[in-house]
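What follows is a short report on a single structure.
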Amino acid sequence: ASNSLLNYRKTVRVEGLNMQGTPVMAFNLLRAWVSEFQALPEMDANANAVAIQTLKVEYENFILDEAVTEPAET
């Protein structure tokens with residue numbers, strides 16, 4: 001059976017956070033899709049390793065959300 005690609009691309013929101021976890025900038029990626037996913041390395045119960053995942057997102061256009069600004073310093 002084949003999968004429909006009608007709803008394959010989605011709008012994705014990406015937020016940049018400061019050290020307190022507050023959004024300081026935001027982008028909306030329009031008609032975005034995942035083109036690559038990697039999980040490195042293979043998990044080994046006897047190893048002392050760091051798990052790294054890489055997600056590559058492609059998109060057709062983006063919009064900067066100008067309503068999200070860095071908060072004033074206190």
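The values are calculated or read from the model by the stated rules, or taken from the named source; none is laboratory data. Small disclaimer: the values here were computed from a predicted structure and weren't measured. Methodologically, a virtual Cβ is constructed for each residue, glycine included, from the backbone with ideal geometry; neighbour enumeration extends over all protein chains shown. Heads up: the accessible areas ignore ligands, DNA and RNA and are worked out on the full protein's heavy atoms, side chains in. Shrake-Rupley method; radii C 1.70, N 1.55, O 1.52, S 1.80 Å.
For region 11-74, the per residue solvent-accessible surface stands at 86 Å², with DNA, RNA and ligands left out and a 1.4 Å probe. Projecting the Cα atoms of Phe37, Gly16, Leu6 onto the charge dipole of the chain (Cβ charges, centred on the Cα centre) puts Leu6 farthest toward the positive pole.
Carbon and sulfur together cover what percent of the accessible area of the chain at a 1.4 Å probe radius? Heavy-atom surface of the chain belonging to carbon and sulfur, 1.4 Å probe: 53 percent. The magnitude of the dipole of region 23-74, with charges of +1 and -1 set on the Cβ of Lys/Arg and Asp/Glu and taken from the Cα centre, is near 140 debye. Taking other residues whose beta carbon is less than 11 angstrom from the beta carbon of Val12, and scoring Lys, Arg as +1 and Asp, Glu as -1, yields +2.
Stretched out straight at 0.36 nm per residue, the stretch from Leu64 to Tyr8 would grow longer than its current Cα-Cα span by 17.9 nm.
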